[in-house]
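Taking it in order: structure first as structure tokens, then the write-up.
The values are calculated or read from the model by the stated rules, or taken from the named source; none is laboratory data. Since we're looking at a predicted model, the values are computed, not measured. We place every Cβ from the backbone using ideal geometry, glycine too, and count neighbours over all the protein chains shown.
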Amino acid sequence: MDFRIVQLEEITSSNDYAAEAAKKGADDGLVIWALRQTKGRGQKNRAWESQPQSSLTFSVLFRLKPEEYAVLGRFTALGALAVARALKSLAGVEALVKWPNDVLLNGRKICGVLAEADVQAGAAGSVVVGVGINLLPGAFDTSSAMNFPASDVFTETSVKVNAENWLWRVLGEMNALRSLLVEEDFTREWNEHLAFRGELRNIRNHKGETGEFRLLGILTDGSLCLEDADGQRFSLQSAEVLPSPSSSSSASSG
């Protein structure tokens, strides 16, 4: 997979820009690197901040291969796992993925991922994977209320690497993970990096209902497998893993 990086000083959303490029015929591997986003968004339409010098915000266009249509839900994890791998390589730390789309260091969110697919009958399908990484202090607004505590790579690791090096390392990991996307090894690695695996956590489902369940792991379809107090197992395709009551409510970029 060859990457072509387009760096832009300021745009509304790197995901929207990449999606428009896809509609105009852009090739697989287009990367939109936004130094500043004015209307970036994360999961559930939350604001996705990006600050020049302190954060890295980019989107990658994937033209779908025939076998990838069946695993569209894995592209979010592809982005998150690529960041976790890059953190291990560049900072020597083990990061975890909070299902489905956040990367945690020391229990704090330093990255969010948003994957958006465009699959229409008779047209070549595509997925845009947007990634926002807090690299340095100042990457996010600490006055904004979010569900999960946030931090940045430097604060958690004391490692300072320039944004371009981070970008290329994450892209390299995306390329490597894409070769595993339709394999069982991909789900296995996802589970190995799953935050709170085996723990009791509060989970909010798509209806807004919250309960305490044990996280068992990720199933091959990308859903989260849980166990209730009676030992009954079930899975959710859409839900949110919430912080413990003692966690900070600092903001995050995504």
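Restricting the range 15-57 to residues that are within 19 Å of LEU136 (Cβ to Cβ) and among the polar types (S, T, N, Q) leaves a set whose member that is modelled with the highest pLDDT is THR57. There is at least one residue in the range 86-93 that is part of a helix (DSSP H, G or I) and buried (at least 24 other Cβ atoms within 10 Å of the Cβ). Of ARG204, ARG214, ARG197, ARG178, all but one fail to be modelled with pLDDT under 95, in contact with a strand residue (DSSP E or B) (Cβ under 8 Å, 6 or more places away or on another chain) and not hydroxyl-bearing (Ser, Thr, Tyr); the exception is ARG204.
Looking only at residues in the range 186-220 that are among the aromatic types (Phe, Trp, Tyr) and part of a helix (DSSP H, G or I), the one that is nearest to LEU105 (Cα to Cα) is TRP190.
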